[in-house]
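The structure appears right after this line, and notes come after that.
The values are calculated or read from the model by the stated rules, or taken from the named source; none is laboratory data. In this text the structure is predicted, and so the values were computed from the model without any measurement. Cβ sites come from the backbone with ideal geometry, for glycine too, and all protein chains shown count toward neighbours.
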Amino acid sequence: MKTDTLPLALYVHWPFCVSKCPYCDFNSHVREQVDQDAWRAALLADLAHEAALLPGRRLGSIFFGGGTPSLMPPGTVAALIEAAGRHWDFEPDIEITLEANPSSVEAARFADLAAAGVNRVSLGLQALDDEALRFLGRAHGVDEGLAALETAQKAFGRVSFDLIYARPGQSLASWEAELARAIGFGTEHLSLYQLTIEPGTRFATLAAQGALTIPDSDTAADLFEATRAIAADAGLPAYEISNHARPGAESRHNLTYWRYGDYAGVGPGAHGRRGGLATVRHKKPENWMAAIGRKANGLQIEDALTPHNRATEGLVMGLRLREGVDLTRIADLAGGTAPVDDLAIGQLIRQGLMAREGDRLRATEAGMPVLEAILREIVLD
């Protein structure tokens, strides 16, 4: 499957939190006042630039993400969707997703955003435990989050929410109960992530001080296996390492990423992949806006990826999926031979960690928990 045969995806990054927001890591992006007309015009200009470089494509998904995109004016959302429809033909079942925090302020806007054309929402619930939410630095409590989920389910045809597990002190039994409760809300899609401690974060500092103890590797593996089994038994099998959906309800937008298709990124800080080019927009809103004024687009970087880089990106992204990757396509991206170690693959197959049917290579259920180690073994530099 060639990259340009996949539906195109559009990512719109809205950088602002219009009031002090505990969800946003970019404090410089907090703004009390935003000139909405100017920002709408700038986003439309950035979109038009990308569309001119991707003519004749069919658009399969639009994703509004960033700071607090659910606080984007519904009129701006509608204008961007309408403009995208002028630039490209829409797939008949185009997916239009908006990320939202589960606050009452944002939930109050859901009906207007649905009327603007959004048909799917991804809700950052993160936990069904108030103490855990406080630990994670979330402003909402469980009751507010569930009220937002109920509002979302009434407003949108498709709803997803995320949860974080392998939290400090979390037992297998408590997570199983929390996950069963989450499944009971009846959404078609769940994103279930293990807590990771990233260097330089508050969590890393606490861990270094001995004030934070996360589950050990054996417990984390048990949590991972239980998560997949419980979700699958409930009709939400894992189609990606951390994402679960009813068949047919997978995130089409994210599938474009994982299948290494083209996606246009517009707005401050947005990344994209366009015909073998890696694109990055200016991150700081003022710098992005200044670039729009100078040249009618917000591009900061537009780098040609080498065939090897494209192939390795395709491998790393695609092996996250249950379906795996087509090595013939990876070889096409590489311009010759897929950059994989066949001997290492053979050994991993014998160990039951990978499987190969013809040219399709995938990680097995046993391999998914150690996928990062598998990638280090098989992907050639």
Check your understanding: Is it true that residue 292 is exposed (fewer than 15 other Cβ atoms within 10 Å of the Cβ) and not assigned by TED's automatic domain parsing to the domain that holds residue 54?
Key -> no
Revision key, fill the gap. Given (1) touching a residue at least 40 places away in the same chain (Cβ under 8 Å); (2) surrounded by 14 or more Cβ atoms within 10 Å (Cβ to Cβ); (3) within 23 Å of residue 65 (Cβ to Cβ), residue 277 misses just (1)
**Study point:** Residues that are assigned to a loop (DSSP other than H, G, I, E, B) and more than 18 Å from residue 136 (Cα to Cα), drawn from segment 193-230
**Key:** 216
Practice item. Go through segment 183-219 and give me each residue that's out of contact with any strand residue (DSSP E or B) (no Cβ under 6 Å at 6 or more places or on another chain), in contact (Cβ under 8 Å) with a residue 24 or more places away in the chain and of a type in the set (A, V, I, L, M). Key: 183, 212, 214
**Study point:** Subset tally (residues that are among the polar types (S, T, N, Q), surrounded by fewer than 20 Cβ atoms within 10 Å (Cβ to Cβ) and closer than 17 Å to residue 98 by Cα) for segment 33-84
**Key:** 0
Exercise for review: Would you check if residue 334 is surrounded by 15 or more Cβ atoms within 10 Å (Cβ to Cβ), among the hydrophobic types (A, V, I, L, M, F, W, C), more than 27 Å from residue 190 (Cβ to Cβ) and free of Cβ contacts under 8 Å to residues at least 60 places away in the same chain?
Suggested key: yes
Study note, to complete from the structure: If we keep only residues of segment 300-352 that are of a type in the set (Asp, Glu), in the same structural domain as residue 365 (by TED's automatic domain parsing) and part of a helix (DSSP H, G or I), then the residue farthest from the chain's Cα centre (by Cα) is 342
Check your understanding: In segment 244-263, how many are among the hydrophobic types (A, V, I, L, M, F, W, C) and touching a Ser or Thr at 6+ places or on another chain (Cβ under 8 Å)?
Key -> 1
Review point. Can you name the condition, by its number, that residue 118 falls short on among (1) surrounded by 16 or more Cβ atoms within 10 Å (Cβ to Cβ); (2) in a strand (DSSP E or B)?
Key: (2)
Study note, to complete from the structure: Within segment 355-377, of all residues that are part of a strand (DSSP E or B) and hydrophobic (A, V, I, L, M, F, W, C), the one farthest from the chain's Cα centre (by Cα) is 355
